[in-house]
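The values are calculated or read from the model by the stated rules, or taken from the named source; none is laboratory data. These figures come from a predicted structure and were not determined experimentally. Here the Cβ positions follow ideal geometry from the backbone for every residue, glycine too, while neighbour counts run over all protein chains shown.
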Amino acid sequence: MPTVPHVSHSPDRMLVDLDGVRVRRWANMANGDVGEPIILTRFNDRTVQIGGTFGVGGTVVFKGSNDGIQWDDIRDLFNVTISATGSKLITLTEVPVYIRPEVTGDGTTSINVTVAAVGRC
């Protein structure tokens, strides 16, 4: 599985606007891609925006880890795995140390995933 780096415009690869919003983005994720892990534990709210070309069977699943080795599905308040098969906004309520997206699909899949975090703990 290729690891897709997150992108930004600053040396630490973290986008920061004047309101203190932190944003990380993985672009053009294809079938089998795994996003480079990020850490957003010090923020109260984390929202994910997912879009792009999903192709046949295109899905994004969010994984979390506290040790960076074992990765498990991140779930919502109803214990349902957080995933997307089309464009959507999702709020992440579980707060593992590391977060990353994983993508499946076909040869046309090209998905962009953007996480915005606000409100320092």
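Per this entry, residue 57 is not counted among residues that are more than 14 Å from residue 39 (Cβ to Cβ), in contact (Cβ under 8 Å) with a residue 24 or more places away in the chain, more than 11 Å from the chain's Cα centre (by Cα) and not in a loop (DSSP other than H, G, I, E, B).
From the list 73, 106, 67, 45, the lone residue that is acidic (Asp, Glu) and in contact with a Ser or Thr (Cβ under 6 Å, 6 or more places away or on another chain) is 73. The C-beta contact set for the stretch 24-47 (first residue small (Gly, Ala, Ser), second residue at pLDDT 95 or above and assigned to a loop (DSSP other than H, G, I, E, B), distance under 6 angstrom, 6+ apart or interchain) comprises 30/109.
Scanning the stretch 21-44 for residues that are under 17 Å from residue 102 (Cα atoms), among the β-branched types (Val, Ile, Thr) and in a loop (DSSP other than H, G, I, E, B) gives a single hit, 39.
Mind checking which residues of the stretch 74-99 are in a strand (DSSP E or B) and over 16 Å from residue 39 (Cα atoms)?
75, 81, 83, 84, 88, 89, 90
Count of the stretch 76-103 residues, restricted to those that are surrounded by 15 or more Cβ atoms within 10 Å (Cβ to Cβ) and of a type in the set (A, V, I, L, M, F, W, C), is 7.
Could you check how many residues of the stretch 84-109 are hydroxyl-bearing (Ser, Thr, Tyr) and closer than 17 Å to residue 27 by Cα?
Qualifying residue count, the stretch 84-109: 5.
Scanning the stretch 100-118 for residues that are farther than 12 Å from residue 47 by Cα, in a strand (DSSP E or B) and not hydroxyl-bearing (Ser, Thr, Tyr) yields a total of 6.
With respect to residue 73, determine if the residue is surrounded by 13 or more Cβ atoms within 10 Å (Cβ to Cβ), touching a Lys or Arg at 6+ places or on another chain (Cβ under 8 Å) and on the phi < 0 side of the Ramachandran plot.
Answer is yes for this residue.
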